[in-house]
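Remarks on the structure that follows.
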Amino acid sequence: MKNIKKRLQQGETVNGCWLNLGSSLTAEIVGLAGFDWVLIDLEHGAGEEKDVLFQLQALEHTPVAPIIRVESAAPQRIHRVLDMGAVGIMCPKVNNATEARNVVEGLHYPPHGKRGVAKMVRATQFGKNFDQYHRDAQDTILGVVQIETQEVMKHLDEIAALDGVDVLFIGPADLTMELGIFGQFDHPLFLEAVEATVNAAEKAGKATGILFFNPDEYQKYHSMGIRFIACGADATFVADGARAMAHKLNASRSAAENIKTT
């Protein structure tokens, strides 16, 4: 079921990961692996906007919901990837309600937003399905804003209250950097920020998300009320697998050579 927005509204926990290689092949591999959603990263990933189309096509026959992290809330960046067929948008470093509102306005057609109308695009099956797409857009397009700065902590309630903001997504690396405790994910300042974000989201009936680096931390964050969970990336999976295989081969070579010389 690719309607991640509905699943979150029903209180489900949904698992995802990053796609940051810009590759349609790794997108397809990851899409078939068992995640609920994937995030194609245009902020820090190796791919460009032109690569998104091929990744979305590769993901089409997989069960995952494709979300795109855009570089900014510039309307044309949001419109373009939605027209390609993304079902959600993540925007980094949102600082206040005005910036969050700009994101929402880019997600939705008038009167709910300011998204430009184009019928002959992939998202609408090149015009064949525009009416249905237009009717369903409010209920299916997921709006995710990232909580990554000290400034945003002052505006959590205002942001969470906005229609169209569906997930407050904590960016641990940037947030701990801003707090002066980089990488200290057990530090009280970071845990207080997580708790404040979850509380604001829950009051507004919205979800909280987070990216973490160790799958053993799953229960920790789930118990805090986080339901939009990400761990890992295609680059990580490839790098970890390559290193593990090289280590095994090198160890086997050493063992074989030792046997040969004895």
Could you check segment 92-111 and list, in sequence order, the residues that are farther than 22 Å from PHE228 by Cα and either of a type in the set (Val, Ile, Thr) or assigned to a loop (DSSP other than H, G, I, E, B) (or both)?
THR98, TYR109, PRO110, PRO111
For segment 126-151, how many residues are crowded, with 16+ Cβ neighbours inside 10 Å and in contact with a His (Cβ under 9 Å, 6 or more places away or on another chain)?
3
Scanning segment 241-262 for residues that are part of a helix (DSSP H, G or I), of a type in the set (Ser, Thr, Tyr) and modelled with pLDDT under 95, the one nearest to the chain's Cα centre (by Cα) turns out to be SER254
Exactly one condition in (1) part of a helix (DSSP H, G or I); (2) touching a strand residue (DSSP E or B) at 6+ places or on another chain (Cβ under 9 Å) is not met by VAL238; state its number.
(2)
Are there any pairs, at least 6 apart or on different chains, whose C-beta atoms fall under 6 Å, with the first in segment 3-30 and on the phi > 0 side of the Ramachandran plot and the second in a helix (DSSP H, G or I), and if so, which?
GLY22/ASP51
Checked pairs for segment 133-162, first charged (D, E, K, R), second part of a strand (DSSP E or B), C-beta under 8 Å and 6 or more apart or across chains, list as GLU148/ILE170
Can we say ALA118 is within 24 Å of ILE4 (Cβ to Cβ) and not in a helix (DSSP H, G or I)?
yes
Among the candidates LYS154, LYS114, residue that is farther than 21 Å from ILE229 by Cα, exposed (fewer than 14 other Cβ atoms within 10 Å of the Cβ) and among the basic types (Lys, Arg)
LYS154
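Results for (1) out of contact with any helix residue (DSSP H, G or I) (no Cβ under 6 Å at 6 or more places or on another chain); (2) closer than 23 Å to ASP157 by Cα; (3) in contact (Cβ under 8 Å) with a residue 60 or more places away in the chain, shown as yes or no for each residue.
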{"site": "ILE40", "(1), (2), (3)": "no, no, no"}
{"site": "GLN55", "(1), (2), (3)": "no, no, no"}
{"site": "LEU59", "(1), (2), (3)": "no, no, no"}
{"site": "THR62", "(1), (2), (3)": "no, no, no"}
{"site": "PRO66", "(1), (2), (3)": "no, no, no"}
{"site": "VAL81", "(1), (2), (3)": "no, no, no"}
{"site": "VAL94", "(1), (2), (3)": "no, yes, yes"}
{"site": "THR98", "(1), (2), (3)": "yes, yes, no"}
{"site": "HIS108", "(1), (2), (3)": "yes, yes, no"}
Of (1) in contact with a Gly (Cβ under 9 Å, 6 or more places away or on another chain); (2) over 20 Å from ARG227 (Cβ atoms), GLU43 fails just (1)
Suppose we filter segment 166-181 for residues that are exposed (fewer than 15 other Cβ atoms within 10 Å of the Cβ) and not small (Gly, Ala, Ser); how many remain?
1
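The values are calculated or read from the model by the stated rules, or taken from the named source; none is laboratory data. All values reported here derive from a predicted model rather than from experimental measurement. Positions of Cβ are generated from backbone atoms using ideal geometry, with glycine treated the same way; all protein chains shown enter the neighbour counts.
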